[in-house]
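To start, the structure under review is shown below, and the notes come after it.
The values are calculated or read from the model by the stated rules, or taken from the named source; none is laboratory data. Source: prediction; values computed, not measured. Cβ placement follows ideal geometry from the backbone for every residue including glycine, while neighbour counts extend to all protein chains displayed.
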Amino acid sequence: MKSTLVTVIVAAWVSLVCGTTFAQTSARGSTSDEAARSAVRSALGFLAKDTFAWREQRKCAACHHGPMFVWAANVAAANGYAVRPSDVDEVTRWLTTDARARIFPREPATANEPPTLSLATVFVNHALNAASSDETLAAAGRARVAEHLVASQRSDGSWPSPAGRPPFFGNDAIATRLARLAILESREFETDHALRRAAERARAWLATQPLSDDHQALVLDIWAATRSRGAAVDALMARLRKSQQPDGGWRQTNDLPSDAFATGQALFALSRANFDAGDETIRRAVAFLVRTQHADGTWPMQSQVDPTTGRPARNLNPIAYAATAWAVLGIASHVDESRAAELDARGDSDCPIGTCPGETENAAKSAG
C-alpha cells in the first residue's frame, strides 16, 4: 500500500513537471503502446468524420481528403485497428467510380500534350494496394491509376507537379518520386511492362537531379530504396536519424517546427525499412506525436508559403487532415492493436493495458 502511494505521488509530480500524463511517458522516457493506440483511434475518428463532411460541402475529393482516409484506414485495419468497413468501401467506390470526385483528369491524353498529373491518383493507388475487401473494385481502380500515370509522364521520365503550395504541390522532383512510388507499389507492377518502363524512366530522370535536403524527398527515397534493400538504404537512414529533432519529431523545412506531417512520413518510411518498434528513433517519434495531438484527434500544423503568392494558407484544414493521416500511417505501422496482449504478457508495456494512470483521460480524448 505504501509503495502504491509513493508511485502515485511520483507520477503526479512527473505530470506537473513535464506537462504530460504518466500513460504517455514512462520512466524510460518512451510512450506507452496504449497511449499510441489511443492516438490512432482518435485520429481515425476525425478522418472518417471530416472525409464525409468535406464530400458534403465540396462535392469532390482532393489529394488529402478521401484518398488518404482510405489509405490510412486500410493500413490501420491491417494492423488490428477497428475501422468501419462500410465507410471505407463507400469512400473507395466514390473515389474510383464517381466522376464527381474528380480524381482523374477529364482531358484525354494526346501525343503532343499529356494530361496533367493528378496527385490524388497516387494516394488512391496506395489506398487500393492496402485494400482487403473488394479486390475487384480495387483492381479496376488501380488499372485506371496505372493508365493515368503512364499517360501523364513526360518524355524525359518526370511528372510535372500541379501548381500550388508545398508539401502537396509545386515540385517536379517530389511529384516524380510520388508517381514512381505509386507505380513501384502497385500490385500489378511485376507483370505490367508499361509500368516497369515508366518506373525505370523516372529513376533515370531522378538520377540526373541534384541531391536534395528536402525532408519529403528523403523519406520518399528511403521508401523506394527499401525495395532493393541495398547499401543506399543505410546511407539514407543515417541522414534521417541525423535530422530528427530534439523533441523527437521531424520538420518539413528548416524554418518550420516539428510536425505530424513530416514525422508521420518518417515513421512510415522506417516501417518500410523494417525498423523495430522498440528502436529509440521510433519511440521518440511516436512519443512526439502522442504528446502533441489535439483532443479532436488532429495535430497542430503551420502552412508553408505558396511560391506564387508568397503567403501561407488561411485554411489549415487540408494540411491538418493530411498530417493526421500520415500520423496514423506512421504510428499504426509500428504499434498495432494485436500486440497489446503479447506486450502485457511479456511485461514490455509501461503497465498493463487499462491500468496506467491517465488512461481513462486518454480514452475520453479518443471518444471525443
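Do we have any residue at all in region 154-172 that's part of a loop (DSSP other than H, G, I, E, B), under 19 Å from the mean Cα position of the chain (by Cα) and more than 19 Å from residue 213 (Cα to Cα)?
no
Out of the helices (runs of 4 or more DSSP H) lying entirely within region 1-80, which hold 3 or more residues that are modelled with pLDDT of 95 or more and among the basic types (Lys, Arg)?
Qualifying helices (runs of 4 or more DSSP H): 33-58.
When the residues of region 259-292 are narrowed to those that are under 15 Å from the mean Cα position of the chain (by Cα) and polar (S, T, N, Q), which ends up farthest from residue 43 (Cα to Cα)?
Looking at residues that are under 15 Å from the mean Cα position of the chain (by Cα) and polar (S, T, N, Q), I get 271.
Considering region 245-263 alone, what residues qualify as being more than 17 Å from residue 220 (Cβ to Cβ) and part of a loop (DSSP other than H, G, I, E, B)?
Matches in region 245-263: 245, 246, 247, 248, 249, 254, 255, 256, 257, 258.
Collect the residues in region 184-236 that are in contact (Cβ under 8 Å) with a residue 40 or more places away in the chain and closer than 11 Å to residue 146 by Cβ, keeping them in residue-number order.
Scanning region 184-236 gives 186, 187, 188, 192, 194, 195, 198.
All but one of (1) in contact with a Pro (Cβ under 9 Å, 6 or more places away or on another chain); (2) within 14 Å of residue 334 (Cα to Cα) hold for residue 276; state the number of the condition that does not hold.
It fails just one condition, (1).
Could you identify the single residue in 266, 287 that is of a type in the set (Gly, Ala, Ser) and either farther than 20 Å from residue 75 by Cβ or surrounded by fewer than 24 Cβ atoms within 10 Å (Cβ to Cβ) (or both)?
On inspection, the qualifying residue turns out to be 287.
Checking the condition part of a helix (DSSP H, G or I) and within 25 Å of residue 95 (Cβ to Cβ), which residue from 117, 206, 137 passes?
Step by step, each of 117, 206, 137 is checked, and only 137 is part of a helix (DSSP H, G or I) and within 25 Å of residue 95 (Cβ to Cβ).
Kindly provide the set of residues from region 43-85 that are in contact (Cβ under 8 Å) with a residue 60 or more places away in the chain, of a type in the set (Ser, Thr, Tyr) and surrounded by 24 or more Cβ atoms within 10 Å (Cβ to Cβ), ordered by number.
Once the filter is applied, which keeps residues that are in contact (Cβ under 8 Å) with a residue 60 or more places away in the chain, of a type in the set (Ser, Thr, Tyr) and surrounded by 24 or more Cβ atoms within 10 Å (Cβ to Cβ), region 43-85 yields nothing.
Given the options 352, 312, 318, name the one that is touching a strand residue (DSSP E or B) at 6+ places or on another chain (Cβ under 6 Å), at pLDDT below 95 and not small (Gly, Ala, Ser).
Residue meeting the stated conditions: 312.
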